[in-house]
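Remarks on the structure that follows.
The values are calculated or read from the model by the stated rules, or taken from the named source; none is laboratory data. On a predicted model such as this, the values are computed, not experimentally measured, just so you know. Glycine gets a Cβ as well: all are built from the backbone with ideal geometry, and neighbour counts include every protein chain shown.
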Amino acid sequence: MDKEKKPVLSNNRKKRKRKRLFWLFFIIVVFLIIIALVLSSKKERLIEVQTEKVTRRNITQIVTATGKVQAEKKVNISAEVSGEIISLPYKEGDEVKKGSVVVKIKPDAYYPQLKQQRAGIRVQEENLKAQEVNLRKYEIELKRIQELHQKGLASQSELDNAQANYDATVANMNTIKAQINQQRAGLSAVSYDLSKTTIYAPMSGTVTQLNNEVGEKVLGTMSNMGSNILTISDLSSMICEVEVGETDVTLVKIGDKAKIEIDAFADKIFNGTVYEIANTAKAKGTGTQEEVVNFIVKIRIDKEGYELRPGMSCTADIEVEHKENVIAVPIQAVTTRDEDSAKVDEIVQDGEQQVINLKLEEKGVKKIKPREIVFVNENGFAKKRFVKTGISDDAYIEIIEGINEGEEVIKGGFKAISKELEDNSKIKVENTKKKEPKEEK
């Protein structure tokens, strides 16, 4: 029995020993992990960035806008009188010479009015002749009564009646003359309307739009624009009408050069010159959150033999300013930071800009004004530099002050520049480009 108990006790001791060793090993591993975490947290994190040397460059600032190609000179032919179109000699695309008949409106409605006005004038002229005869008779009668009255052979009442007849005849004649003038004016109006039934081309050009056909009726008035029948355009001089935003229009000047892309000629860049800038804005979506305010800018195109047509879509890059040999850095290297961000964090934590500004004012801190900065690499550390910028193109921006030629500016990545980097942050420069995998054949 004793011999059987000894092996059992020996096995139990071994098990307990293994358990103690296991827990000891586990505690040591956990302790080592904790130490590693503490050490890694104390180790300063390296921020990977890309850099570029600051150099001098030529920079051209560009304002890009879209619009339509139009003829520089065009006229809309509208009806000044109402009626039926009886002749349209030209179709879209036809060449028209100045003075050519382009529209004829049926004049039949105006002939009766013309005859009526002429007949009325003749009637009044005959009435005037009759009154002239009466006037001569009453004039002779008045003179005879005056002589008799001076000799005492005619009474005062007879003299007064003779004078009244004479004056009444003169008045009637004046009325008839006024009526004749009135009817002559009516005759002129009808004649003018009749002349407007035939419309002549005010300029030479091409019919670029035809809105009516023979047999259709058009509406015309003298005070308002009538029906637009057709449009004549001078296609020898074409322009680009683009809409420029209110923030950019102040940069554009008369005489600025432009590079124009027209969708119909994808492989061609046209040259142009700004010759007109609108003074009044053209607003879209007025009164809504999508309201947009633009200004029309007209650019004269050097079409160079290409056949441009009104209505073609175009994009213009207007060169508003050019500088040579200026210090420049990549656009992505410039960011903005709030100079008083530390004070803001101490004052308010809710993140609402209006509340921040209000509480800053209560604490005597001026309103936050973000400043432009760049980071430069100095011996593996990022150094913050406040800079003043100038013009820019699509890749580089001019630095007026705050950085010198030859320094190494940090240009990427975006997250590092906009959020992660601080003054004296330790950095790791990774300027080598990763090779793109070759395409499988």
- Message: As an exercise: evaluate residue 253 against (1) outside any loop (DSSP other than H, G, I, E, B); (2) in contact (Cβ under 8 Å) with a residue 60 or more places away in the chain; (3) among the charged types (D, E, K, R) and give the number of the one condition it does not meet.
- Response: (1)
- Message: With the structure loaded, tell me whether residue 262 is of a type in the set (A, V, I, L, M) and over 16 Å from residue 63 (Cβ atoms) or whether it fails that test.
- Response: yes
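Residue-wise test of (1) within 18 Å of residue 430 (Cβ to Cβ); (2) in contact with a strand residue (DSSP E or B) (Cβ under 8 Å, 6 or more places away or on another chain).
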{"residue": "376", "(1), (2)": "yes, yes"}
{"residue": "384", "(1), (2)": "no, yes"}
{"residue": "387", "(1), (2)": "no, yes"}
{"residue": "390", "(1), (2)": "no, yes"}
{"residue": "395", "(1), (2)": "no, yes"}
{"residue": "402", "(1), (2)": "no, yes"}
{"residue": "407", "(1), (2)": "no, yes"}
{"residue": "414", "(1), (2)": "yes, no"}
- Query: Would you call residue 281 within 24 Å of the chain's Cα centre (by Cα), of a type outside the set (Asp, Glu) and crowded, with 18+ Cβ neighbours inside 10 Å?
  - Reply: no
- Looking at (1) farther than 30 Å from residue 392 by Cα; (2) not polar (S, T, N, Q); (3) not in a loop (DSSP other than H, G, I, E, B), which is the only condition residue 275 fails? (1)
- Might you let me know whether the range 184-192 holds any residue that is more than 23 Å from residue 112 (Cα to Cα) and surrounded by 14 or more Cβ atoms within 10 Å (Cβ to Cβ)? no
- Query: Do we have residue 231 as assigned to a strand (DSSP E or B), among the hydroxyl-bearing types (Ser, Thr, Tyr) and touching a Lys or Arg at 6+ places or on another chain (Cβ under 7 Å) here?
  - Reply: yes
- Output the number of the condition that residue 125 fails; it satisfies all remaining conditions of (1) in contact (Cβ under 8 Å) with a residue 40 or more places away in the chain; (2) crowded, with 16+ Cβ neighbours inside 10 Å. (2)
- Message: Any residue at all in the range 78-91 that's loosely packed, with under 11 Cβ neighbours inside 10 Å and either within 30 Å of residue 318 (Cβ to Cβ) or touching a residue at least 12 places away in the same chain (Cβ under 8 Å) (or both)?
- Response: yes
- Looking at (1) surrounded by fewer than 12 Cβ atoms within 10 Å (Cβ to Cβ); (2) under 30 Å from residue 110 (Cα atoms), which is the only condition residue 263 fails? (2)
- Item | Number of the exception - residue 107 against (1) surrounded by 14 or more Cβ atoms within 10 Å (Cβ to Cβ); (2) under 37 Å from the mean Cα position of the chain (by Cα) | (2)
- Note on the structure: Of the conditions (1) assigned to a strand (DSSP E or B); (2) farther than 19 Å from residue 249 by Cα; (3) among the polar types (S, T, N, Q), the single one that residue 294 does not satisfy is (2)
- With respect to residue 51, is the statement that it is under 30 Å from residue 257 (Cβ atoms) and hydroxyl-bearing (Ser, Thr, Tyr) true? no
- Please enumerate the residues belonging to the range 388-432 that are aliphatic (A, V, I, L, M), assigned to a loop (DSSP other than H, G, I, E, B) and over 28 Å from residue 323 (Cβ atoms). 421
- Answer yes if at least one residue in the range 108-130 is touching a Gly at 6+ places or on another chain (Cβ under 6 Å) and of a type in the set (S, T, N, Q), and no otherwise. yes
- Note on the structure: Selection over the range 20-57 where residues are part of a strand (DSSP E or B) and at pLDDT below 85 yields a count of 0
- Tally of residues being β-branched (Val, Ile, Thr) and either without any contact (Cβ under 8 Å) to a residue 24 or more places away in the chain or surrounded by fewer than 12 Cβ atoms within 10 Å (Cβ to Cβ) (or both) across the range 390-399: 0
- Note on the structure: Restricting attention to the range 66-119, the residues that are in a strand (DSSP E or B) and of a type in the set (A, V, I, L, M, F, W, C) number exactly 11
